[in-house]
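Taking it in order: structure first as structure tokens, then the write-up.
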Amino acid sequence: MELEKRNRAHMARLDLDARQSAVLDGQAHNTRALWNLLHEYFTFRQGRFASLEACDEAIRAARKEIDWLKDLPAQAAQAVLKTYRQAWKNFFNPDHPARRPTFKSRFSSRMAVDIPQGRDLNITRINRRWGAVNIPKLGRVHFRWTKDLPGVTRGGPDGKITGARLVKQANGWHIVFRIQTTERLPAPHTGPQTAIDRGIAVPLALATGEKIRHRKDWLTGGELRRLLRLERKAARQKRAAKPGRPTSNRLKRTYDQIARLRAKAKRRVIDWQHRTTAKLTDRFSVIVLEDLKVKNMMASASGTIQAPGKNVAQKRGLNRAIATEAWGRTAEFLTYKAVDKGGKVVVIPAPGTSQECHACHTITDGSRESQSRFVCKNTACGWIGNADVNAARTQMHRYNNAAGQAVTGRGGPASLGPVKRQATHGETTHTAPQGAAA
């Protein structure tokens with residue numbers, strides 16, 4: 001029996017009073033300030049990078065001299081150094097997309113405090129709804145119990161909790177447990193294969209012809225009206241503020257209310273993605289996806305003063321829609337859930353999949369009549385149907401046609417170039433794609 005170790009995370013909401021929240025807020029700000037001090041010391045020390053030992057000694061000395069650093073637990077301070085060093089390793093790794101580490105802003109950085117030692121947590125379950133955990137310099141704190149934890153629940157999963165991280169979100173502080181379990185290797189998935197086209201009008205279109213949709217707005221009608229009122233209120237308060245003065249407490253409270261509503265919508269999106277991807281990975285053994293360059297797709301169309309962009313407002317709305325669908329997170333959920341169930345996710349290059357006809361495997365100008373309608377202009381084919389389903393079936397064809405050939409760096413098969421059809425005196429010529437039957 002083969003076993004494997006799996007590292008997962010589980011987030012739970014903490015039940016804190018105002019004093020406890022203020023303590024964690026202070027620790028999070030100290031963590032950010034320590035990062036900035038460390039970055040300054042590391043990058044500007046005598047014109048060369050400081051060593052790990054020098055950084056560690058500098059942190060120990062600073063904790064003795066700077067009073068506010070003493071409010072941060074010693075292990076949390078060491079975790080900042082570990083995370084900072086890892087950020088540089090990721091930057092120097094040519095295969096990693098990480099950017100060069102820089103200073104953290106007070107308003108744009110995420111408030112978080114690390115608890116690297118799992119043995120210090122001393123987790124216990126109080127009842128069906130609540131558990132308790134030890135947090136350094138804060139004491140015993142209750143958290144919302146929504147999942148069995150290894151080493152805590154009798155009859156729960158085998159494994160251990162290696163540490164935790166405290167993270168602040170719009171609805172309060174949460175604790176993220178780092179869980180390591182030992183699981184049996186899953187048997188190979190015996191289900192069918194499919195391809196999925198991710199879109200906006202149709203969030204997920206399958207090669208089987210199924211179209212998976214979700215609610216149009218993730219907030220209810222009343223929540224949307226309240227969000228609109230709060231946004232208008234924030235605009236009035238911002239106009240009334242005196243230039244150069246700090247943001248008023250009233251405007252801060254309005255911003256917090258807006259953030260809580262938007263965070264609620266995001267949680268509903270993530271919940272839908274978890275449920276949907278779990279069902280898909282239960283059904284299918286192989287799921288084919290496009291390698292979408294989402295960052296490039298969401299590039300601004302504003303342009304420059306010398307060369308202003310066109311249709312800027314429409315492009316801005318499209319970018320918001322793409323961000324709401326969170327295509328990258330869907331792919332991430334599908335990938336790890338498929339591996340856990342003995343399946344796999346294959347990524348193929350994206351160019352041409354929405355213009356190519358899956359029936360005749362050619363590209364003819366004008367076949368994509370609209371966002372949802374595809375009509376193959378090849379007179380020998382003439383397939384008519386949903387454009388998203390056609391794209392998914394094209395992806396499936398390319399995956400099957402590339403079996404046994406070179407694969408991309410991300411594990412997907414290399415693209416077989418689609419056939420370009422051009423009209424000549426009202427006629428079209430057809431060339432079979434490489435490897436296809438004549």
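The values are calculated or read from the model by the stated rules, or taken from the named source; none is laboratory data. This is a predicted model, so every value here is computed, not measured. Because the Cβ atoms are built from the backbone with ideal geometry, glycine has one as well, and the counts that use them run over all protein chains shown.
Only one of the listed residues (V141, V113) is within 30 Å of R253 (Cα to Cα), touching a residue at least 60 places away in the same chain (Cβ under 8 Å), in the same structural domain as N36 (by TED's automatic domain parsing) and within 22 Å of the chain's Cα centre (by Cα). That residue is V113. Once segment 371-392 is narrowed to residues that are hydrophobic (A, V, I, L, M, F, W, C) and at pLDDT below 80, the residue that is farthest from T353 (Cα to Cα) is A380. As a summary of the residue check, R268 satisfies the conditions (1) buried (at least 16 other Cβ atoms within 10 Å of the Cβ); (2) within 30 Å of A338 (Cα to Cα); (3) not hydroxyl-bearing (S, T, Y) except for the one numbered (1). Against the condition more than 30 Å from K341 (Cα to Cα), at pLDDT 85 or above and not hydroxyl-bearing (S, T, Y), how does Q257 come out, does it pass? Yes; evaluated as a whole, the condition is true for this residue.
Every residue in segment 347-368 that is farther than 17 Å from A207 by Cα and either of a type in the set (V, I, T) or surrounded by fewer than 22 Cβ atoms within 10 Å (Cβ to Cβ) (or both), please. Once the filter is applied, which keeps residues that are farther than 17 Å from A207 by Cα and either of a type in the set (V, I, T) or surrounded by fewer than 22 Cβ atoms within 10 Å (Cβ to Cβ) (or both), segment 347-368 yields P351, T362, I363, T364, D365, G366, R368.
Only one entry of A50, A62, A87, A132 meets the criterion of being surrounded by 14 or more Cβ atoms within 10 Å (Cβ to Cβ), assigned by TED's automatic domain parsing to the domain that holds L16 and in contact with a Ser or Thr (Cβ under 6 Å, 6 or more places away or on another chain), and that entry is A132. Restricted to segment 90-110, and to residues that are without any contact (Cβ under 8 Å) to a residue 12 or more places away in the chain and small (G, A, S), which residue is nearest to F44 (Cα to Cα)? If we take residues in segment 90-110 being without any contact (Cβ under 8 Å) to a residue 12 or more places away in the chain and small (G, A, S), then S105 is nearest to F44 (Cα to Cα).
Residues in segment 272-286: is at least one aliphatic (A, V, I, L, M), in contact (Cβ under 8 Å) with a residue 24 or more places away in the chain and assigned to a strand (DSSP E or B)? So far as segment 272-286 goes, yes, one or more of its residues are aliphatic (A, V, I, L, M), in contact (Cβ under 8 Å) with a residue 24 or more places away in the chain and assigned to a strand (DSSP E or B).
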